[in-house]
Amino acid sequence: MNNNSKVLALKYRPQTFDDLIGQEVVAETITNSIKADKIPNAYLFTGIRGIGKTTTARIVAKALNCSNGIDNLCKENFCESCKSISESSHIDVLEMDAASKTGVDDVRDLIEFSRYGPTSAKYKIFIIDEVHMLSKQAFNALLKTLEEPPEYLKFIFATTEIKKIPITVVSRCQRFDLSRIKSSELLEFIKKIKDQENGKITDDALKLIVKISEGSVRDSLSLLDRALLSLDEGKELDLNSAQKIFGYFDKSQLIDLFELILKGEETKVISIYRKIYDQGVEPKVFINDFLELLYYFKNINSLTLESTNFSLNDEEFSKIKNLSNQIDSEVLILFWQFAISSLEEIDIVSNQHLSIEMLLIRLMHLSSVKSENKIENVETHLKSENFVKNTETELTSKTINQIKNVAQEEKIKPEVKTEIKAENKININAFEDLIEICSKKKEIKLKYELEKNVNLVKFEKNRIEISFNESLDKDFVKDLSSKLFEWTGERWIITFSKLKGQMSVKDKQKTVKKQLIDEMKNLEIFKSVIDKFPDAELIDVNSNKDGVDND
């Protein structure tokens, strides 16, 4: 086959370790093991599609059998052994697709064939692709040979689903996890290939290819091939044209749509969405991109432009950053829940396009939620639209419960008394009171969370504002709200703040303890003890509250 007639994924397939991108550690480890003559019985390559598992397997086969040795591995003018391995025609290097040969009989034939030494090479090598497709019996038949093969026999396995391979097989292999290719590295790679193919494609269009390929080299080359074939002679492929070819839409349209949702401009919102729909964008793709945008709005201050994997350009990144400062986190959380529930909803609606429009209208009704009072109105709005029904689906129930968690409006079951006698009510006027009542009521879990994982920002009547660390229990807000209502007979609002807040109770205790220890270390009595016992260490200090001298 003429090399120019090959698809790019085959034409530019790496032939040596130096050609591999993004797998430098794997290449170096294998090269060192061959040089040191510590070659494992079997290699196991795992990772997502299109990152070089089968390609690396062939390169390893070349490295083991190259006529020039590992130090002078063929790079341009291939020896007979390397050439035949590249063309999958080497008599001693057998490639087998486990997807089509899954049975125990196929493995038995393989084992029988392995009894004979190599004909022309140093090693006889079996490359088994998609090895996870082998049957349980086939794996069992392979075990003994895999553990103690003849010195001339080596196995190389490749798989995308490592969990489907028995642990007894994995333990007999030297495993290598091939990583996704970094976006910046993949961009430079396809840019070089574009230049070699004399293609005219803008950097923004190439970045879109990188984003869609999700770290897969093969996917990116297939998309690049498609882009180059769609070009008219002398024309350059820009981002807009690439979006039409690959079925993606301009993210700036989605940002404009999001801004209009917040302003409540229904006509313009629906108009923009219909333009996006007319571009051929599937409803599920739209919702997933919308969820991705919500993530950026929520976390933009902790992200860099590079960490968005080219999903955003400079202008879009700056616009999201400016808008995010005007949006409350509660609004974004509510938007996320509604969008997630719509993913399930569109599967049961005959016209998915209408379902997305209704989602956008619902979001506009929520977009004005910027205070606790308004958040409470959200639940009223949900009730008015019959979201909460006795016959509601499990998914809708979960979504509404999560919205209640944000609004702090958990319902009390009918059989539970909603009135608490005045003499049984507890007054909680400070954060310390709350911790004390948790201790008295033996709510140890709540007490632990309050002391260890919560930073108080503000404590007011029936309202607590906190920040928290990543260890906070996911049911903390719901459980605390329920107990506060039970103890005080009143509803409390618990909100999360972007402010850091006070030091947690446990951290305060540690700080006080450290100060006491430091003070004690400055005393003459401590210094005299250290002089006599140099290895002594001060671990704790107990203050003498009664003022009694125990010396």
Residues satisfying the stated conditions in region 254-283, i.e. at pLDDT below 85, of a type in the set (Asp, Glu) and within 19 Å of Leu294 (Cβ to Cβ) = Glu282
Taking region 205-236 and keeping only residues that are more than 19 Å from Ala9 (Cβ to Cβ) and more than 24 Å from the chain's Cα centre (by Cα), one is left with Asp232, Glu233, Gly234, Lys235, Glu236
Filter result for the condition that a residue is farther than 22 Å from Val331 by Cβ, in a helix (DSSP H, G or I) and not hydrophobic (A, V, I, L, M, F, W, C), over Ser471, Ser482 | Ser482
Within region 35-87, which residues are touching a helix residue (DSSP H, G or I) at 6+ places or on another chain (Cβ under 8 Å) and at positive phi?
-> Gly47, Gly50, Gly52
When both residues are 6+ apart or on different chains and their Cβ atoms are under 8 Å apart, which pairs have a first residue that lies in region 196-215 and is hydroxyl-bearing (Ser, Thr, Tyr), and a second that is surrounded by fewer than 15 Cβ atoms within 10 Å (Cβ to Cβ)?
-> Thr202/Glu236; Thr202/Asp238
Taking helices (runs of 4 or more DSSP H) that fall entirely within region 1-85, which contain at least 2 residues that are surrounded by 20 or more Cβ atoms within 10 Å (Cβ to Cβ)?
-> 24-35, 53-65
Residues being modelled with pLDDT of 85 or more, not in a loop (DSSP other than H, G, I, E, B) and not acidic (Asp, Glu) - total across region 421-444 = 8
From the list Ile272, Ile255, Ile276, which residue is more than 20 Å from Asp204 (Cβ to Cβ), in contact with a helix residue (DSSP H, G or I) (Cβ under 8 Å, 6 or more places away or on another chain) and not assigned by TED's automatic domain parsing to the domain that holds Lys192?
-> Ile272
Over region 174-198, the set of residues among the small types (Gly, Ala, Ser) and surrounded by 19 or more Cβ atoms within 10 Å (Cβ to Cβ) is Ser183
Within region 95-117, how many residues turn out to be closer than 18 Å to Ile39 by Cβ and surrounded by fewer than 17 Cβ atoms within 10 Å (Cβ to Cβ)?
-> 1
For Glu451, indicate whether it is closer than 24 Å to Val331 by Cα and either of a type outside the set (A, V, I, L, M, F, W, C) or in a loop (DSSP other than H, G, I, E, B) (or both).
-> no
So, of the residues in region 88-97 that are farther than 22 Å from Pro150 by Cβ and either in a loop (DSSP other than H, G, I, E, B) or touching a helix residue (DSSP H, G or I) at 6+ places or on another chain (Cβ under 7 Å) (or both), which turns out to be modelled with the lowest pLDDT?
-> Ser88
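The values are calculated or read from the model by the stated rules, or taken from the named source; none is laboratory data. Model, not experiment: these values are computed from the prediction. All Cβ positions, glycine included, derive from the backbone under ideal geometry; neighbour counts span all protein chains shown.
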